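Enquirer: Sharing a structure here in structure tokens format.
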Amino acid sequence: MNTQKKFTKQFSCEFFPPKTDKGAENLRTTLAELAELKPSYFSVTFGAGGSTQEGTFDTVKEIQGQGYAAAPHLSCIGSTKAKIRELLDSYIAIGVNRIVALRGDMPSGMRETGEFRYANELVEFIRSETGDHFHIEVAAYPEMHPQAPNMQKDVANFARKVKAGANAAITQYFYNTDAYFRFVDDCEKHDVDLPIIPGIMPITNYSNLKRFSDMCGAEIPRWIGKRLESYGDDKESIIAFGEDVVTELCQKLLDQGAPGLHFYTMNQTGPTRTLWHKLGLNK
Ligand code: FAD
């Protein structure tokens, strides 16, 4: 039985920090438009060791400054306890009380793993340094993290993050609801008792989606890939098909008890807003 049903449903949106002035301007517009949907919060991604780390802080500050709740992603690989403590302090200072805690991936060229090896150690550190100040979300992989030796070990490792003090989880995106519900069942066997919120990637472009999915280990089912491929440069057909497929996916997830949805917006209003309206989440 799916115990996820007992949690209050929560809907959130994810941004990445813009790299250019034009990108920043675009994000301001997207933020204003998506804020009308009243998501629970906006999360902002973080690049391990890269230049987007400051971008995350600045974007989070801007979102908070406009009166909306923001949750920075924080990855620990290659970092030190002192640096993470400093970042936590700077987020506390601007009123942030949510964090998406991750291991992250080593940037190419970087060798030292730093003082943290896995996300469970980061969650433990945040709790030991700041108590219950932060609502902590962690990452979950219904189709298995690409570096995990097998699904059972990956679920056991996921359970470690939960036991270290996470409040909720957001999944990698997927297009197969069975993977999600099977993962939830496996988690229950490890006494995991927190909301596991499906991450939703709208479909708007096949080549980008394929490249990204290959990188992060998300499967595009053959029937979806074949159809998208057949549309070639016909953007309208790709978007219409993508809307249908992803709306159905979200509806099935919600009907069967998923405790909300987290939208990977790619800093665009259109795809997320369309899904939101089609699902009637604004009512
Ligand atoms: P972990 O939970 O540490 O897991 C990583 C691997 O190690 C897994 O294979 C796991 O099975 C194994 N493992 C975990 N703990 C242990 C342990 N104690 N002992 C042995 N093995 C263990 N990346 C970014 O760079 N920036 C972002 O902003 C970002 N946001 C994300 C948001 C979401 C919702 C998701 C799903 C992913 C995001 N990622 C982001 C990608 C993420 O950083 C990568 O998938 C990364 O490879 C793993 O991070 P994690 O926190 O899941 O790691």
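Enquirer: Among the listed residues G104, G78, which satisfies the condition of being at pLDDT below 95 and near the ligand (Cβ under 8 Å from one of its atoms)?
Expert: On the way: G78 fails: near the ligand (Cβ under 8 Å from one of its atoms).
Selected residue: G104, the only one of G104, G78 that is at pLDDT below 95 and near the ligand (Cβ under 8 Å from one of its atoms).
Enquirer: Looking at (1) under 22 Å from M266 (Cα atoms); (2) surrounded by 22 or more Cβ atoms within 10 Å (Cβ to Cβ); (3) in contact with a Phe, Trp or Tyr (Cβ under 6 Å, 6 or more places away or on another chain), which is the one condition that is false for C76?
Expert: (1)
Enquirer: While we're looking at this one, here's another question. Being part of a loop (DSSP other than H, G, I, E, B) and either closer than 24 Å to Q268 by Cβ or in contact (Cβ under 8 Å) with a residue 40 or more places away in the chain (or both) is true for just one of D244, D193. Which residue is that?
Expert: Working: D244 fails: part of a loop (DSSP other than H, G, I, E, B).
Of the residues listed, the single one that is part of a loop (DSSP other than H, G, I, E, B) and either closer than 24 Å to Q268 by Cβ or in contact (Cβ under 8 Å) with a residue 40 or more places away in the chain (or both) is D193.
Enquirer: Tell me the residue from E229, E188, E129 that is touching a residue at least 40 places away in the same chain (Cβ under 8 Å), more than 22 Å from K5 (Cα to Cα) and not in a strand (DSSP E or B), please. Working first, answer last.
Expert: Numbers: E229 fails: touching a residue at least 40 places away in the same chain (Cβ under 8 Å); E188 fails: more than 22 Å from K5 (Cα to Cα).
It is E129.
Enquirer: As an exercise: evaluate D105 against (1) touching a residue at least 60 places away in the same chain (Cβ under 8 Å); (2) under 21 Å from Y141 (Cβ atoms); (3) of a type in the set (D, E) and give the number of the one condition it does not meet.
Expert: So the condition that D105 fails would be (1).
Enquirer: Of all residues in region 153-180, how many are free of Cβ contacts under 8 Å to residues at least 60 places away in the same chain, in a helix (DSSP H, G or I) and more than 10 Å from the ligand (Cβ to nearest atom)?
Expert: 4
Enquirer: Another question, if that's okay. Does V123 fit the bill of being part of a helix (DSSP H, G or I) and in contact with a strand residue (DSSP E or B) (Cβ under 8 Å, 6 or more places away or on another chain)?
Expert: Values: part of a helix (DSSP H, G or I): yes; in contact with a strand residue (DSSP E or B) (Cβ under 8 Å, 6 or more places away or on another chain): yes.
When the stated conditions are applied, V123 passes them.
Enquirer: When you check E115 against the structure, is it in a loop (DSSP other than H, G, I, E, B), more than 20 Å from V192 (Cβ to Cβ) and of a type outside the set (S, T, N, Q), yes or no?
Expert: Values: in a loop (DSSP other than H, G, I, E, B): yes; more than 20 Å from V192 (Cβ to Cβ): yes; of a type outside the set (S, T, N, Q): yes.
Judged against the criteria, E115 is a match.
Enquirer: I would also like to ask the following. Looking at region 213-260, which of its residues are touching a strand residue (DSSP E or B) at 6+ places or on another chain (Cβ under 9 Å) and either closer than 13 Å to P198 by Cα or crowded, with 16+ Cβ neighbours inside 10 Å (or both)? Working first, answer last.
Expert: In the first step, residues of region 213-260 are kept if they are touching a strand residue (DSSP E or B) at 6+ places or on another chain (Cβ under 9 Å); the result is 213, 216-218, 246, 249-250, 253-254, 258-260.
Answer for region 213-260, where residues must be touching a strand residue (DSSP E or B) at 6+ places or on another chain (Cβ under 9 Å) and either closer than 13 Å to P198 by Cα or crowded, with 16+ Cβ neighbours inside 10 Å (or both): S213, A218, V246, L249, C250, L253, L254, A258, P259, G260.
Enquirer: Taking A139, is it of a type outside the set (D, E), surrounded by fewer than 23 Cβ atoms within 10 Å (Cβ to Cβ), within 8 Å of the ligand (Cβ to nearest atom) and not in a loop (DSSP other than H, G, I, E, B)? Let's see the steps before the verdict.
Expert: Working: of a type outside the set (D, E): yes; surrounded by fewer than 23 Cβ atoms within 10 Å (Cβ to Cβ): yes; within 8 Å of the ligand (Cβ to nearest atom): yes; not in a loop (DSSP other than H, G, I, E, B): yes.
Considered against the rule, which asks whether it is of a type outside the set (D, E), surrounded by fewer than 23 Cβ atoms within 10 Å (Cβ to Cβ), within 8 Å of the ligand (Cβ to nearest atom) and not in a loop (DSSP other than H, G, I, E, B), A139 comes out as yes.
Enquirer: Separate question: Can you tell me which of T30, T45, T20, T56 is away from the ligand (no atom under 13 Å from the Cβ), under 27 Å from L275 (Cα atoms) and polar (S, T, N, Q)? Spell out how you get there, then give the answer.
Expert: Working: T45 fails: away from the ligand (no atom under 13 Å from the Cβ); T20 fails: under 27 Å from L275 (Cα atoms); T56 fails: away from the ligand (no atom under 13 Å from the Cβ).
Sole residue among the options that is away from the ligand (no atom under 13 Å from the Cβ), under 27 Å from L275 (Cα atoms) and polar (S, T, N, Q): T30.
Enquirer: From the set of residues in region 99-109 that are on the phi < 0 side of the Ramachandran plot and out of contact with any helix residue (DSSP H, G or I) (no Cβ under 9 Å at 6 or more places or on another chain), which is surrounded by the most Cβ atoms within 10 Å (Cβ to Cβ)?
Expert: Of all residues in region 99-109, those on the phi < 0 side of the Ramachandran plot come to 99-103, 105-108.
So of that shortlist, the ones also out of contact with any helix residue (DSSP H, G or I) (no Cβ under 9 Å at 6 or more places or on another chain) come out as 100, 105-108.
Working: V100: 28, D105: 17, M106: 15, P107: 12, S108: 6.
Across region 99-109, the extreme among qualifying residues is V100.
Enquirer: Scan region 110-136 residue by residue and report those that are away from the ligand (no atom under 15 Å from the Cβ) and surrounded by fewer than 17 Cβ atoms within 10 Å (Cβ to Cβ).
Expert: First, the residues of region 110-136 that are away from the ligand (no atom under 15 Å from the Cβ): 111-112, 127-134.
R111, E112, S128, E129, G131, D132, H133, listed by residue number.
The values are calculated or read from the model by the stated rules, or taken from the named source; none is laboratory data. Owing to the predicted nature of the structure, the values given are computational and were not obtained by experimental measurement. Here Cβ is always computed from backbone atoms with ideal geometry, including for glycine, and neighbour counts include all displayed protein chains.
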